[in-house]
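Chemist: Let me begin by handing over the structure; questions about it come next.
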Amino acid sequence: MAHTIGKVPKITLGKGVAHMAPTGPSDGQAKHHKDFKLNITKALGDQLAEELKSLAHASLDEENIGKLREAGGVYQLYHNDVFVYVGKADSSLPDRLRNHLQKISGRCEIPLTEVTFSCLYVDDDFSALAPEQLLIYHHKRLNGIPWNNNGFGNKDPGRQRDTSAVKAGHFDMRFPIDLDYVIEGLTPGPTTLRLFLQTIKDRLPYTYRYQKIGPFEQKIVTVPASTMTTDAAFRLVSSAIPDDWQIVALMGYVIMYPDSPTPYTSARRYYRGGTPVDARPTVDTVHPITEDAPAEGANDNE
């Protein structure tokens with residue numbers, strides 16, 4: 001596959017980019033005169049889409065991301081060469097794409113080799129026009145954008161959404177978090193539970209949210225090696241917390257609260273007292289994701 005990362009074009013405003021959109025005569029007007037409206041947003045969205053379409057797709061890996069300039073812009077992701085996502089970066093395309101690289105690395109059923117990207121640097125004066133929204137509008141008029149409507153760009157949804165069922169077709173349902181993901185850079189030997197929890201949180205490619213652990217945060221746990229799977233790390237933590245606490249691996253992130261044995265609709269595994277308990281998540285088929293859903297990519301900021 002040919003890569004053209006070093007030749008990412010710059011989008012600028014110039015002559016001839018706007019499509020003139022005449023309208024029909026308004027009520028009471030004669031046929032020899034009518035109102036005129038300039039549909040500049042459609043023209044800019046079409047131009048952005050054409051520029052991105054002209055680029056080759058580069059593998060979403062550090063080598064290709066490292067060739068990009070530290071500049072803002074818009075980008076598109078492709079899964080098995082099928083266009084699936086539009087996003088923007090206000091100041092750093094490399095940082096934004098690295099975030100996606102990290103996220104996908106912690107998911108099942110989606111090898112990184114299947115994901116590619118292309119991108120455009122965008123001038124600061126043009127970024128105020130929300131170029132990613134222009135692209136979203138352009139593609140929605142055609143075939144839609146799968147991942148922009150199904151949760152790929154979502155951050156931590158917050159405690160109020162923990163008990164919700166995941167919708168059919170949602171990114172988390174298609175590509176759940178990988179509980180065999182290998183956490184690296186650990187320091188073997190005794191450490192406090194508080195420090196071990198923070199280390200896990202910092203190194204995981206998905207959200208690990210937990211309540212402040214309070215008086216037992218200084219409890220000592222022994223890290224067996226410099227690398228551990230997520231599953232092994234959660235077993236260790238769950239063996240050190242009180243019996244009324246549990247770790248819950250949901251489809252898209254992990255939580256830890258003193259609410260054991262409360263069940264969660266979208267749980268795929270619980271960790272209680274050092275033991276994993278597998279669960280079957282419930283799929284929300286009543287409220288399926290549609291192309292009319294709010295575009296997640298609109299909030300995909302740095």
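Chemist: Just grab the label-to-label distance for Thr192 and Gln218, each label 7 Å out from Cα along the Cβ direction, in nm (one decimal).
Modeler: Result: 0.7 nm between the two label points.
Chemist: Let me ask another. Magnitude of the Cβ-charge dipole of the stretch 175-290, K/R +1 and D/E -1, about the Cα centre, nearest 20 debye?
Modeler: About 160 debye.
Chemist: With Cβ to Cβ distances under 13 Å as the rule, what net charge do the other residues near Val223 carry (K, R +1; D, E -1)?
Modeler: +1
Chemist: Quick check: net charge around Glu184, other residues with Cβ under 13 Å of its Cβ, Lys/Arg +1 and Asp/Glu -1?
Modeler: Around Glu184, the charge tally is 0.
Chemist: So which of Lys53/Lys140; Lys42/Lys155; Lys103/Lys201; Lys67/Lys155 end up more than 19 Å apart, counting from Cα to Cα?
Modeler: Cα-Cα > 19 Å for Lys42/Lys155; Lys67/Lys155; rest within.
Chemist: Would you mind computing, in nm to one decimal, how far apart the modelled labels at Ala130 and Asp90 are, each placed 7 Å from Cα along Cα→Cβ?
Modeler: Going by the 7 Å Cα→Cβ label model, 1.5 nm.
Chemist: A further question follows. Please calculate the 1.4 Å probe accessible area of Lys140, with all protein chains present, and give it to the nearest 10 Å².
Modeler: 80
Chemist: Per-residue HN-Hα couplings for the stretch 58-70, Karplus 6.51 cos²θ - 1.76 cosθ + 1.60 at θ = phi - 60°, whole Hz, x for Gly and Pro?
Modeler: Result, rounded to whole Hz: 9, 4, 7, 9, 5, 4, 6, 5, x, 7, 7, 6, 7.
Chemist: Separate question: In nm, give the distance between the simple-model label positions of Ala56 and Val286, each being 7 Å from the Cα along the Cα-to-Cβ direction.
Modeler: Here the answer is 5.0 nm between the modelled labels.
Chemist: Once amide H atoms are placed 1.01 Å from N in the peptide plane, what residues at a sequence separation of 5 or more from Asp284, or on another chain, have their amide H within under 5 Å of its amide H?
Modeler: The answer is Val166, Lys167, Ala168.
The values are calculated or read from the model by the stated rules, or taken from the named source; none is laboratory data. Every value quoted in this text rests on a predicted model; they were computed, and no experiment measured them. FYI the Cβ positions are ideal-geometry reconstructions off the backbone, even for glycines, and counts take in every protein chain you see. Surface areas here come from the heavy atoms of the whole protein model, side chains and all, with no ligands, DNA or RNA. Shrake-Rupley method; radii C 1.70, N 1.55, O 1.52, S 1.80 Å.
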